[in-house]
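Data block below; observations after.
Just so you know, all these numbers are worked out from the coordinates, no wet-lab data involved. No experiment lies behind these values; they were computed from the predicted model shown. Here the Cβ positions follow ideal geometry from the backbone for every residue, glycine too, while neighbour counts run over all protein chains shown.
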Amino acid sequence: MSIQLGKRYECDDCGTQVLATKAAEVVLTCCDKEMELQGQRRVPSAD
């Protein structure tokens, strides 16, 4: 798995979040499991 610059990764077990500041060919792990890429967050509209 490659880490993508500017993407957030989260641990499903404990909720730890990581923001990638560099791209790399590594596997992020937490609680002995691979961290998952978070989906898009909704941004509130500026009505």
Query raised in the report: Pick from the chain the residues that are in a strand (DSSP E or B) and in contact with a Ser or Thr (Cβ under 8 Å, 6 or more places away or on another chain): which of them is surrounded by the fewest Cβ atoms within 10 Å (Cβ to Cβ)?
Result: Ala24
**Report entry** Residue satisfying all of: in segment 19-38; among the aliphatic types (A, V, I, L, M) and touching a Phe, Trp or Tyr at 6+ places or on another chain (Cβ under 9 Å); nearest to Leu5 (Cα to Cα) among these
**Finding:** Ala20
Report summary line: Within the chain, residues acidic (Asp, Glu) and on the phi < 0 side of the Ramachandran plot come out as Glu10, Asp12, Asp13, Glu25, Glu34, Glu36, Asp47
